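Asker: Quick one: the structure is below, and I'll ask about it shortly.
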Amino acid sequence: MKFLWNDRKAGTDPISQLIHLSRLIGADSTLTQPGGGNTSIKVKEKDRLGREQDILVVKGSGSDLASVDKKDFAHLAIRSLDDLKHYDDCSDESMMDLMSKAAVAPGPAPSVETPLHAFLPYRVIAHTHDFATQALTNTPNAGMWMQEVFGERLVFLPYQRPGFPLAKSLARITRIDKAQGMVLEHHGLVVWADTPRECYTRLHAFINRAERFIKIRSRRAQSLGSARFAPASHQPKALSSLFPFLRGLSKGALLHWDASAEALRFIHSQKAAALARAGYATLEHILRCGRQPLYIPFDFSRAPLEKAKTVLKKAFVSYENEYRRYFNRHQNGQGMLEPRPKILLLPGVGLVAAADTKARARLAATCYRHSMRVIEAACGLDRFSFISEQELFDVDYWSLELAKVKGPKPEFHRKVVFVTGAGSGIGRAVAGAFAKRGAHVIAADLNAALAIETAQEIGRDTKDADRASAVAVDVSRESSVARAFEQAARVFGGVDIIVANAGYCEPAPLAGVKTDIWDRHFAVNARGVLLSAQIGSRLMKEQGAGGTILVNVSKAAMVPAKENAAYTASKAAALMLAKNLALELGPLGIRVNAVNADFVNTPLFMKLAGHRAKKNGASLEQTLASYRSRNLLGVGPLEPEAVAEAFVYLASDKAKYTTGGLLTVDGGLPEAMPR
């Protein structure tokens with residue numbers, strides 16, 4: 001662990017120094033994983049009535065140490081928190097309610113770790129889930145290793161479940177003069193001091209001492225055994241079929257794939273099967289990674305696809321049956337969680353994590369990568385051991401965590417939307433509209449830079465950098481479309497909704513329509529729809545859960561336009577293609593509908609309007625006014641966001657019985673009304 005404290009960045013204010021301490025810990029993946037760990041400081045502050053009190057300033061629930069700011073800390077009256085010491089028994093819900101009532105200022109909900117910080121009589125406290133001490137304490141002889149490495153400088157506390165049980169254990173601890181911290185078995189390291197800088201210095205010293213000890217004493221080269229499977233790698237095309245099938249088995253979860261050398265070395269080892277069942281580095285990983293990973297002793301890189309799918313399906317059935325038996329052994333009236341694995345260890349492929357969102361899947365993979373390191377180091381030192389099955393179940397079905405997963409789900413929960421022409425105009429608006437409703441987005445565009453802008457914009461708007469992924473695609477080329485969908489499979493696991501929106505328009509009078517321009521219109525506006533539907537529907541079929549394909553046909557599909565024959569003909573072809581797709585894909589549960597929009601404020605339309613203004617010797621505003629006069633509502637140019645709502649509606653459950661349809665968004669053009 002490098003010493004990175006910076007007095008200039010830390011400042012002189014105690015809270016600023018606490019933030020600096022927190023961010024240094026959060027930025028180091030060997031110390032804690034995103035969302036884990038905790039820090040606090042005790043200060044004197046005035047409460048809401050102006051009375052000065054001893055206040056605990058502690059990181060709130062759900063905050064990430066790597067990016068915390070002042071708003072992410074709860075300010076709680078220590079005198080009120082002391083009441084917990086007098087309870088012999090208390091539910092976690094009651095404990096959380098009491099802590100919430102101790103707040104002296106608006107802020108986040110306190111985390112379940114708060115009593116640890118309140119009951120220990122030290123000013124600054126940092127709690128990490130670091131690799132080094134976890135490697136020592138996830139062994140049968142944890143207490144012995146702690147004594148040998150740290151002596152009396154760290155107190156060793158045998159395992160207690162977080163929440164009230166841990167709070168009661170801490171309440172019995174009084175000041176330990178010779179100690180500078182404690183280690184919670186199977187949980188983490190706690191260090192205290194009078195200042196944030198001193199706390200960081202002690203943390204640095206303890207972790208480096210543990211790391212040196214492990215380096216000297218560990219026989220890590222032998223801890224995993226020899227390789228059971230030879231190194232290999234899957235081709236993207238194979239994964240584009242395997243991952244959607246896997247996603248279907250996972251009931252539409254988002255996937256994250258880790259094929260790093262470290263992950264594959266663990267997965268390919270002789271001991272991987274046993275170690276995958278042994279447990280995790282810390283309790284928090286149970287919540288991220290589930291009861292235990294699914295390890296499948298089968299080389300997926302060298303097997304035919306159909307054989308690989310058969311093996312996967314059989315393994316899932318076995319895992320689910322075993323999970324149900326585990327649940328029945330320990331359940332006490334709870335509803336059962338999804339009995340499917342969150343972590344899969346697949347030789348020849350790597351580590352695959354499944355979760356409700358891409359961000360959570362990535363976090364689960366990060367946590368298990370950390371567990372891999374801890375398991376390997378512990379095996380090299382001694383033997384890896386974790387908590388009992390009953391204790392694991394108590395964490396797996398911890399009421400405070402169950403309450404979080406029971407919350408309302410967004411409209412497009414677990415849905416992946418593939419949008420072509422997503423770099424601007426209607427496509428960008430469609431991508432954003434779906435993302436705001438919980439969907440994950442593949443922003444596809446011929447212009448890679450614009451696609452990246454759309455994905456980044458979605459990341460900022462949703463505060464989730466994993467919500468969207470950009471890909472460059474030429475929808476007229478089969479190989480390009482295939483690569484784009486392969487990326488969708490690798491990044492998210494598959495696709496649920498396709499919005500074929502990419503368009504091309506080059507107006508010209510009939511005599512001026514050149515064959516290459518004619519062909520380009522049909523290549524983008526019609527063939528582009530065909531290729532997206534053909535290739536995308538294969539992924540949907542592998543997932544086995546139906547899907548939705550939406551086509552942007554525009555008013556041109558219904559009404560001819562002067563000097564725009566190529567565009568109107570190609571859009572009419574796209575509309576008829578959509579109806580044929582509905583006919584053929586309906587039996588697979590895939591709905592296909594189209595949106596007929598006109599007079600929309602997009603770069604494509606404004607280019608056309610400018611062309612017509614110039615040709616007619618009119619200003620752009622005069623031309624736009626003539627467009628407004630055509631529709632019954634006298635409106636326009638229409639906002640792209642208004643058209644996006646039509647696509648969102650057709651993809652939603654509100655339209656679940658609609659296929660082969662056409663929804664009009666044009667202010668009311670009688671000649672374009674479907675009949």
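The values are calculated or read from the model by the stated rules, or taken from the named source; none is laboratory data. Values in this document were obtained by computation on a predicted structure and should not be read as measured data. For neighbour counting, all protein chains shown are included, and Cβ atoms are generated from backbone atoms with ideal geometry for every residue, glycine included. Remember, those area values only see protein heavy atoms, side chains included, never the ligands or the DNA or RNA. Shrake-Rupley method; radii C 1.70, N 1.55, O 1.52, S 1.80 Å.
Asker: Find the relative contact order for the chain and round it to a whole percent, using C-alpha pairs within less than 8 Å whose residues are 6+ positions apart.
Answerer: Rounded, it is 10 percent for the chain.
Asker: When the dipole is taken about the Cα centre of the chain, and only Lys, Arg (+1) and Asp, Glu (-1) are charged at their Cβ, what size is it in debye, to the nearest 20?
Answerer: The calculation lands at about 1080 debye.
Asker: Further question on the same structure: Among the listed pairs K42/K71; K71/K463; K59/K406; K44/K178, give every one whose C-alpha distance is greater than 19 Å.
Answerer: On the way: K42/K71 16 Å; K71/K463 16 Å; K59/K406 24 Å; K44/K178 26 Å.
Table pairs above 19 Å Cα-Cα are K59/K406; K44/K178.
Asker: Given H placed on each backbone N at 1.01 Å, which residues far from V600 in sequence or on other chains put an amide H within less than 5 Å of it?
Answerer: For V600, whose amide H was placed from the backbone, the distant partners under 5 Å are L638.
Asker: Count neighbours as other Cβ atoms within 10 Å of each site's Cβ, and list the chymotrypsin sites (Phe, Trp or Tyr not before Pro) in segment 576-675 that are DSSP loop with at most 15 such neighbours. Mind dumping the intermediate values first?
Answerer: Working: sites: F599, F605, Y627, F647, Y649, Y657; in loops: F599, Y657.
Loop-located and lightly packed - Y657.
Asker: Please label the shape of segment 316-419 as rounded, prolate or oblate, based on the square roots a ≥ b ≥ c of the eigenvalues of the alpha-carbon gyration tensor (a/c under 1.5 means rounded; beyond that, a/b larger than b/c means prolate, else oblate).
Answerer: Here segment 316-419 falls in the oblate category.
Asker: Now for a separate question. Determine ³J(HN,Hα), in whole Hz, for all residues of segment 498-514 in sequence, where each value follows from phi through the Karplus function 6.51 cos²θ - 1.76 cosθ + 1.60 and θ = phi - 60°; x replaces Gly and Pro.
Answerer: Whole-Hz 3J(HN,Hα) from phi for segment 498-514: 10, 10, 7, 10, 4, x, 9, 8, 9, x, 6, x, 3, 5, x, 7, 7.
Asker: Would you work out if segment 26-119 is rounded, prolate or oblate? Take a ≥ b ≥ c from the square roots of the eigenvalues of the alpha-carbon gyration tensor; rounded if a/c is under 1.5, else prolate when a/b is larger than b/c, oblate otherwise.
Answerer: The shape class here is oblate.
Asker: For percent of Cα pairs over 31 Å apart, the listed values are [x] 56; [y] 69; [z] 60; which was obtained by calculation from the structure presented?
Answerer: [z]
Asker: If the cut-off is a Cα-Cα distance under 15 Å, which aspartates and glutamates reach K309, setting aside same-chain residues fewer than 8 apart in sequence?
Answerer: D299, E542
Asker: Among S424, A27, S91, flag the residue with its Cα farthest along the positive direction of the charge dipole of the chain, charges on Cβ as +1 for Lys/Arg and -1 for Asp/Glu.
Answerer: S424
Asker: Given segment 186-328, report the % of alpha carbon pairs whose separation exceeds 21 Å.
Answerer: Numbers: 6111 of 10153 pairs.
Of all Cα-Cα pairs in segment 186-328, 60 percent lie more than 21 Å apart.
Asker: Considering only DSSP beta bridges with both partners in the chain, what is the antiparallel share in %, to the nearest 5?
Answerer: Details: 37 of 72 bridges.
Bridges in the chain that DSSP calls antiparallel: roughly 50 percent.
Asker: Can I ask one more? Of all the accessible heavy-atom surface of segment 267-381, with the other protein chains kept in place and a 1.4 Å probe, what percent is carbon and sulfur?
Answerer: Numbers: 2000 of 4170 Å².
Result for segment 267-381: 48 percent of the exposed heavy-atom area is carbon or sulfur.
Asker: Is it possible to state the helix-based mean residue ellipticity at 222 nm for the chain, with each DSSP H run of 4+ residues giving -39500 (n - 2.57), the sum divided by total residues, to the nearest 500 deg cm²/dmol? What is it?
Answerer: -14000 deg cm²/dmol
Asker: Follow-up question, since we're still on this one. Using a 1.4 Å probe, what is the accessible area per residue for the chain, in Å²?
Answerer: Numbers: 28480 Å² over 675 residues.
Spelled out: the 1.4 Å probe surface of the chain, per residue, equals 42 Å².
Asker: Give me the percent of the accessible area of segment 73-204 that comes from carbon and sulfur atoms, probe 1.4 Å, all protein chains in place.
Answerer: Working: 2400 of 4890 Å².
Roughly 49 percent of what the probe reaches on segment 73-204 is carbon or sulfur.
Asker: If you don't mind, there's one more thing I want to ask. Hey, can you grab everything whose amide H is under 5 Å from the amide H of F418? Only 5+ residues off in sequence or another chain; H modelled, so Pro and N-termini drop out.
Answerer: I442, D496, I497, I498, V499
Asker: Sticking with this structure for a sec: Once phi is turned into θ = phi - 60°, what whole-Hz ³J(HN,Hα) does the Karplus curve with 6.51, -1.76 and 1.60 give for every residue of segment 114-127, x standing for Gly and Pro?
Answerer: My calculation for segment 114-127 gives 3, x, 4, 6, 6, 7, 6, x, 10, 6, 10, 9, 10, 10 Hz in order.
Asker: FRET efficiency for R628 and D464, Cβ-Cβ distance as r, R0 = 35 Å, nearest 0.05?
Answerer: 0.35
Asker: Oh, and also: For segment 135-207, what relative contact order do you get, as a whole percent, if you take Cα pairs closer than 8 Å and at least 6 residues apart?
Answerer: 28
Asker: From the phi angles alone, apply the Karplus equation (6.51, -1.76, 1.60; θ = phi - 60°) to segment 348-356 and give each ³J(HN,Hα) in whole Hz, x where the residue is Gly or Pro.
Answerer: x, 10, x, 8, 10, 10, 10, 7, 5
Asker: Moving on to the next point. Over 24 Å between Cα atoms, which of K251/K656; K314/K404; K251/K579; K342/K409 qualify?
Answerer: K314/K404; K251/K579, as the Cα separations exceed 24 Å there.
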